[in-house]
Structures are given as C-alpha cells and as structure tokens.
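Input: a single structure, listed below in structure tokens.
The values are calculated or read from the model by the stated rules, or taken from the named source; none is laboratory data. Since the model is a prediction, treat every value here as computed from it, not as a measurement. Note that each Cβ is placed from the backbone with ideal geometry, even for glycine, and that neighbours are counted across all protein chains shown. Side chains are part of the model used for accessible areas, which takes the heavy atoms of the whole protein and leaves out ligands, DNA and RNA. Shrake-Rupley method; radii C 1.70, N 1.55, O 1.52, S 1.80 Å.
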Amino acid sequence: DQQGVVLRFGEWVNTTSPGLNWHLPYPIETVRTPSVERINAINIGFRQIGGGQSSGERDVEGESLMLTGDQNIIDIDFSVQWKISDAGRYLFNIRDPEGTVKIAAESAMREIIGRTDIQPALTEARAEIENRTKDLLQEILTNYESGILVTGLKLQNVQPPGQVVDAFNDVQRALQDRDRLR
C-alpha cells in the first residue's frame, strides 16, 4: 500500500510503484514510502473525546458555525475522508497536508452553505451540499497540486445553533400552523 519517493541528494527524482525496485546506496539516494491506500479522516466542527464506552463528541463552534445564503446561522459538523494519490506531490508541494485539507474543507463548506438557504440545508439538500462541497474541495486541492484525493465527505450534524434552537422551533411551528390553517 506504499509508493516509493526516490530522493537523490535530497531532490525528488522518481516515484516508484510497489514491487521490486532498487536505488543507489544511502549517501546518494534515499527513499520515503508513504501509505497511499490508507483512508484518512478529518472531523470538522467536532472532536472525538474519550475512548471505549465513555467516548463522546465535543462541539467546536469556531469551525461549525456558518452563515447561510438567507443570512441565518447554522451549526454544521462534517467529516472528510481522503487518501494520497501522488506521493511525491503529497510530500513536497504542501507543508502540512492534514491542516491544508482541514482548512480547504472548511472553506469549501462555507462557500457552499453561503449559497444555500437554511431550510433546504436542514432538510432535503444535504446530499447536494455533500457532493458540491466534495467537488469544490477536490478542485482546491488539485489547484494546490497536493497529491490528495478526496474519497468522501459526510455531513454529521446540521442544526440551528444551540442558543437559538428554541426560537427556530417556534418559527417552524408557526409556519406549520399557518400551512395547516390554509
């Protein structure tokens, strides 16, 4: 599940596939072998805490609170799955791969949510938001020449912020009452 990145005097000269390969002895060439088949995951908007039966989640509001297209605030937690597609680019074109994926994913989600109204984001447009965000994130990472392939993006929790959830529920009940009376 690895690719070999051959460095000659510290300069990237070749990327090799799994199998029998050779390189010059240590002072001249070295090889780095990142795992390219392992699926990595990054959680945005929440963190896993604890372990075993006592595990839980902690909300990170700085990452999860976003402004929708109709000027409402929404709390979105999501996770991104990614893997290395080009080991040489992954090792040498970006300094902090996990941090880059996290910041780019947050930026892509904010852009897509900024173009979406709150009601569809809470209900029927979740799959569309996931797909559009995944496509935009992959486009950003491709432009960075990062060597990263986004394999999945999953919305975990989409809801109004905790401070206004009661007011939001009151508005929803009023809209339902209006529709029922009609």
Any idea which of (1) open to solvent by less than 60 Å² (accessible area, probe 1.4 Å); (2) at negative phi is the one GLY147 doesn't satisfy? (2)
With respect to ARG47, is the statement that it is at pLDDT 90 or above and surrounded by 10 or more Cβ atoms within 10 Å (Cβ to Cβ) true? no
Exactly one of (1) open to solvent by less than 70 Å² (accessible area, probe 1.4 Å); (2) in contact with an Asp or Glu (Cβ under 7 Å, 6 or more places away or on another chain) is unmet by PRO34. Its number? (2)
Within region 1-34, considering residues that are touching a residue at least 60 places away in the same chain (Cβ under 8 Å) and among the hydrophobic types (A, V, I, L, M, F, W, C), the one farthest from SER85 (Cα to Cα): TRP12
Tell me the residue from GLU111, GLU124 that is closer than 16 Å to LEU155 by Cα, out of contact with any Leu (no Cβ under 6 Å at 6 or more places or on another chain) and free of Cβ contacts under 8 Å to residues at least 12 places away in the same chain, please. GLU124
Given the condition over 18 Å from the mean Cα position of the chain (by Cα) and within 30 Å of ALA167 (Cβ to Cβ), answer yes or no: does some residue in region 48-64 qualify? yes
Regarding ILE84, is this residue farther than 30 Å from ALA167 by Cβ, at pLDDT 90 or above, touching a helix residue (DSSP H, G or I) at 6+ places or on another chain (Cβ under 6 Å) and not polar (S, T, N, Q)? yes
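Out of everything in region 24-47 that is within 16 Å of the chain's Cα centre (by Cα) and among the small types (Gly, Ala, Ser), what residue ends up being nearest to ARG89 (Cα to Cα)?
It comes out as ALA41.
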What number of residues in region 16-51 are part of a strand (DSSP E or B), touching a helix residue (DSSP H, G or I) at 6+ places or on another chain (Cβ under 9 Å) and among the hydrophobic types (A, V, I, L, M, F, W, C)? 3
How many residues does region 84-136 hold that are open to solvent by 40 Å² or more (accessible area, probe 1.4 Å), not β-branched (Val, Ile, Thr) and not in a helix (DSSP H, G or I)? 8
Residues of region 165-178 that turn out to be open to solvent by 70 Å² or more (accessible area, probe 1.4 Å) and over 19 Å from GLU124 (Cα atoms), as a count: 3
For SER79, work out the one condition from (1) open to solvent by 50 Å² or more (accessible area, probe 1.4 Å); (2) of a type in the set (S, T, N, Q); (3) in contact (Cβ under 8 Å) with a residue 60 or more places away in the chain it doesn't fulfil. (1)
Can you report the number of residues in region 52-76 which are outside any helix (DSSP H, G or I), modelled with pLDDT under 80, open to solvent by 70 Å² or more (accessible area, probe 1.4 Å) and out of contact with any Asp or Glu (no Cβ under 9 Å at 6 or more places or on another chain)? 1
